[in-house]
Amino acid sequence: MKNLNLSLFGIIACCILGASPALSQAVKYAQSGLSYLQIAPSADVAALGGTYAATTGKASSAFSNPAGLALLEGADVSAGYVAWIADIALYSVAAAYSIDKIGVFGVNLVSMDYGTLRGTRPWQSGDDPALRDQGYIDLGNFTVNDFAIGISYGRSITPQFFVGGNVRYARQDLSPNINVAIIDAITGNIIDNSENVVTNIVFDFGTLYYPGFHDLRFGASVRNFSNQSDYFDQRFELPLTLDFGVAMDVLQAFQNSSGSGNSKLILALDWVHPRDYSERLHVGVEYGFIDMFFLRGGYKLNYDEEGLTAGLGVHLQTGGYGLRADYAYSAFGDFFGSVNRLSVSLLMN
C-alpha cells in the first residue's frame, strides 16, 4: 500500500512538474490578470516565506494547498487581513467542516479594497472649451471591486495520501459606479462603453503525501487554473502557479520516539513556478513551543521586491475549542516598504 501511495503521488507530481517546461516557453512577465489571486491571505503561510506544504489541517489551506483540508478534525473558521502595498487591503474568510468517512467541506472568500479612486478621460471636441488646456475631464470618484468566492473539498485516500480541490468564482469590476470607456487615441471618440467586468471560474487542486518518516511530508498543488479571460479586445491568462514543497519537524529525527518533547522546529522548502515569472524558491522555518507559541521566518528568492518574512503566533486550546492568532511581516523593498498580515481562527473539535 505504501508503494501505491508513493506511485499515486509521483504520478500527480510528475504531471504538475512536467507541465512547467511548456509554461516556461510562454512566460509573459507580469502580464497575467486578476493578480489579487496570487496574494497569500494567511499570516502563518506568509511568515514562512510562502511555503505551502507546511500548512495542514486548517480551513485556510484552501488558499494554498487544498489537500491540507483533509487533515482537519472538527470545524474551523478563520478570518484574515492583509495591509497590502499602496494602501490596498485584502480581506479573507474561510470555513471548513469535517464529516467522518466522507471528507472535509469548506467555503472561502477573498475581497480587495482599493479605496476611492478618481476617474478621468481625455478632453475631446464637444467638451467645455475652457477645459481644453487642462487636457482631461474629471469623471469623479469611483471604486474597484475584486473578489473570489469558492467551495473546497479534501479527503484522505489512504492514511498517508491526501487530495483536495477548490473551485472559485472570480470577479473583477473595474468601475461599478461609472463606465470607464476606451478612447480612440487619434479621434478621441469613445470606442466602447461596457461595464468593465471580468469573471472566470478558477480551479485549485493539490496533494499531500506522508512517506512514514516522522512527519516528513511532500505537497504538490496547482492554483488558479482557468480559461483565458477577455477584456474588450484584450485576452489574458490568470496567474496559474505550480508548486512542489517539502516540510518536516527536524527535531523528531533526533528523538527515539515519535514525539519531539515540548518543541517543534519545522523546516519547509517550496519550488514555485508562476505563469508570469521565472521559477522561484521559498524557504521557511517555524519554531513551536508546547503547541502554543510560534516564531516563524522565511525568505523568497528570485523576487524583484519581496524577500525576508517573519511572524509569530499564539494558539490557545480549552475544552473542545481552540483559538489561533497569527501575525506576519513581509519586506517589500525600499519603495513599497512592508506588508503586514493578521489571521484569527476558531477551531471546534
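The values are calculated or read from the model by the stated rules, or taken from the named source; none is laboratory data. On a predicted model such as this, the values are computed, not experimentally measured, just so you know. We place every Cβ from the backbone using ideal geometry, glycine too, and count neighbours over all the protein chains shown. Ligands, DNA and RNA are stripped out before the accessible areas are found, and what is left, the full protein with its side chains, is counted by its heavy atoms. Shrake-Rupley method; radii C 1.70, N 1.55, O 1.52, S 1.80 Å.
If you go through region 164-176 one residue at a time, how many are of a type outside the set (K, R), part of a strand (DSSP E or B), open to solvent by 20 Å² or more (accessible area, probe 1.4 Å) and at pLDDT below 95?
Looking only at that region, the number is 1.
Quick one: is Y303 among the hydroxyl-bearing types (S, T, Y), closer than 24 Å to A170 by Cβ and open to solvent by 40 Å² or more (accessible area, probe 1.4 Å)?
On the way: among the hydroxyl-bearing types (S, T, Y): yes; closer than 24 Å to A170 by Cβ: yes; open to solvent by 40 Å² or more (accessible area, probe 1.4 Å): yes.
In short, yes.
Does T143 satisfy the condition of being of a type in the set (S, T, Y), exposed (fewer than 12 other Cβ atoms within 10 Å of the Cβ) and under 25 Å from the mean Cα position of the chain (by Cα)? Don't jump to the end; show me each part of the working.
Working: of a type in the set (S, T, Y): yes; exposed (fewer than 12 other Cβ atoms within 10 Å of the Cβ): no; under 25 Å from the mean Cα position of the chain (by Cα): yes.
Taking the combined requirement at face value, the residue does not satisfy it.
So is V144 within 30 Å of D215 (Cβ to Cβ) and not acidic (D, E) or not?
Working: within 30 Å of D215 (Cβ to Cβ): no; not acidic (D, E): yes.
So V144 fails the test.
Please go through region 131-154 and pick out each residue that is assigned to a strand (DSSP E or B) and within 30 Å of I201 (Cβ to Cβ).
Result: F142, N145, D146, F147, A148, I149, G150, I151, S152, Y153, G154.
Given the criterion open to solvent by less than 30 Å² (accessible area, probe 1.4 Å) and either within 24 Å of S278 (Cβ to Cβ) or not acidic (D, E) (or both), identify the matching residue among L251, L208.
Unique residue meeting the criteria: L208.
Just the residues that are β-branched (V, I, T) and under 24 Å from R171 (Cα atoms), please, taken from region 133-157.
Matches in region 133-157: T143, V144, I149, I151.
Let's see how each residue does on (1) part of a strand (DSSP E or B); (2) open to solvent by less than 60 Å² (accessible area, probe 1.4 Å):
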{"position": "D215", "(1), (2)": "no, yes"}
{"position": "V246", "(1), (2)": "yes, yes"}
{"position": "G261", "(1), (2)": "no, no"}
{"position": "A268", "(1), (2)": "yes, yes"}
{"position": "Y287", "(1), (2)": "yes, no"}
{"position": "V314", "(1), (2)": "yes, yes"}
{"position": "L323", "(1), (2)": "yes, no"}
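Against the definition (under 22 Å from the mean Cα position of the chain (by Cα), surrounded by fewer than 19 Cβ atoms within 10 Å (Cβ to Cβ) and on the phi < 0 side of the Ramachandran plot), how does L238 come out, yes or no?
no
Whether any residue in region 86-100 is open to solvent by less than 60 Å² (accessible area, probe 1.4 Å), of a type outside the set (S, T, Y) and in contact (Cβ under 8 Å) with a residue 60 or more places away in the chain is what I want to check.
There is no residue in region 86-100 that is open to solvent by less than 60 Å² (accessible area, probe 1.4 Å), of a type outside the set (S, T, Y) and in contact (Cβ under 8 Å) with a residue 60 or more places away in the chain.
Quick check on my filter: what residues within region 45-84 are part of a helix (DSSP H, G or I) and touching a Gly at 6+ places or on another chain (Cβ under 6 Å)?
Correct list: A47, A59, S61, A62, P66, A67, L69, A70, L71.
Quick one: T120 ticks every box in (1) within 30 Å of S330 (Cβ to Cβ); (2) polar (S, T, N, Q); (3) modelled with pLDDT under 90 bar one, so which box is it?
Checking T120 against (1) within 30 Å of S330 (Cβ to Cβ); (2) polar (S, T, N, Q); (3) modelled with pLDDT under 90, the one that fails is (1).
Determine the pairs where a residue that is in contact (Cβ under 8 Å) with a residue 24 or more places away in the chain, located within region 304-322, has a partner that is of a type in the set (D, E) and surrounded by 15 or more Cβ atoms within 10 Å (Cβ to Cβ) with Cβ atoms under 8 Å apart, the partner being 6 or more residues away or on another chain.
Hits for this filter: G311/D44; G311/D326; L312/D326; G313/D44; G313/D326.
What pairs can you find where one residue is in region 198-217 and over 30 Å from F232 (Cα atoms), the other is assigned to a strand (DSSP E or B) and open to solvent by 30 Å² or more (accessible area, probe 1.4 Å), and their Cβ atoms are less than 6 Å apart, with a gap of 6+ or different chains?
T207/V163; Y209/F218
Can you name the residue in region 314-344 that is among the charged types (D, E, K, R) and over 18 Å from I290 (Cα atoms) and is also nearest to the chain's Cα centre (by Cα) among such residues?
R341
Would you please name the residue that is surrounded by the most Cβ atoms within 10 Å (Cβ to Cβ), looking only at residues in region 101-133 that are among the hydrophobic types (A, V, I, L, M, F, W, C) and farther than 30 Å from A70 by Cβ?
W123
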